[in-house]
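Read-outs throughout are calculated quantities, based only on the coordinates presented, and are distinct from any laboratory measurement. Because the structure is a prediction, the values reported are computed rather than measured. A quick note on method: Cβ atoms are made from the backbone with ideal geometry, for glycine too, and the neighbour counts reach across all protein chains shown.
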Amino acid sequence: MTQSTMTDLGRHADAVAGLPGDLASIVATVQGLFIHEGWAERYGVKVAHPETANLRRTEELLDAAGDRPLGEAREPADRVATMCRSFSVVTAAMLRAHGVDARARAGFATYFLDGFHEDHWVVELRDGDRWRLADPQIDALQREALKLDFDPLDVPRDRFVVGSDAWRSIRAGTADPGSFGFSGEEELRGEWFVARSVVLDQAARAGFEGLPWDAWDPMPGPDDEVDVALFDRITSGAEPVMIPAEVFNTRRRAREKL
């Protein structure tokens, strides 16, 4: 329930405290504030590489939504253009504010494209004696478009694979490394991409929810040889992921201090 630097609500804490605190209500609130840049045209909105997708902190993301009450859903054109990580981080922040253990998870979803593990983020929350996955990005329009056969607020574990589990599956030979990554660009796939996801997911669990395009040691790039033994140790918990003081934002092509 402890907020991280990225989930801290800042000046929005009181407003969030006044909102309904159940998962469905929080997800509805988040969906009324944000629009995924890759889905925007489905809502009749045109966005092109929005700078708001680089906003890291929950307070900044909520600032970008304007001064209207947070519970007041914006029209699609008035929502903050962003991506899956923002939906999940802000949902986790709001759940924590209402006393629910929650965290953002980086990994791969199998429900966007048959046979492919798409780079994606969801939220994981404590539900009784289990951790439950929920995808706050998937609203009614997306659920219908994807023909989902499950509730997006209770995603089966075989439909979303966290980074470390993805690594274990390719190491065991039960999954093709080339089926993991970003379907829109063939060069953004493979073992190296899964290794990046391992670091992002472990860092999120440790209290640093990076952007999907952040890079820092020991993340490999597409032309690097992957240190398999190192990532075996990271996924086993034998070697922790260090929280960075600076990252390279591959989207901006610039270094950013945190």
* **Evaluation of D223 against (1) in a loop (DSSP other than H, G, I, E, B); (2) buried (at least 16 other Cβ atoms within 10 Å of the Cβ) (one fails), failing number** => (2)
* May I ask you to list the residues in segment 137-176 that are within 15 Å of G115 (Cα to Cα) and in a helix (DSSP H, G or I)? => L146, A166, S169, I170
* Inside segment 178-194, can you point out the residues that are small (G, A, S) and more than 9 Å from E118 (Cα to Cα)? -> G178, G184, G190
* Looking at this structure, is R132 over 26 Å from E191 (Cα atoms), part of a strand (DSSP E or B) and touching a helix residue (DSSP H, G or I) at 6+ places or on another chain (Cβ under 9 Å)? -> yes
* To do: For segment 89-112, indicate whether the set of residues that are without any contact (Cβ under 8 Å) to a residue 40 or more places away in the chain and not hydrophobic (A, V, I, L, M, F, W, C) is non-empty.
  => no
* Asked: Is it true that some residue in segment 27-34 is exposed (fewer than 12 other Cβ atoms within 10 Å of the Cβ) and among the aliphatic types (A, V, I, L, M)?
  -> no
* To do: Only one of these is surrounded by fewer than 22 Cβ atoms within 10 Å (Cβ to Cβ), over 22 Å from P244 (Cβ atoms) and out of contact with any strand residue (DSSP E or B) (no Cβ under 6 Å at 6 or more places or on another chain): G173, G207. Name it.
  => G173
* Could you identify the single residue in A53, A24 that is hydrophobic (A, V, I, L, M, F, W, C), touching a residue at least 40 places away in the same chain (Cβ under 8 Å) and surrounded by fewer than 14 Cβ atoms within 10 Å (Cβ to Cβ)? => A24
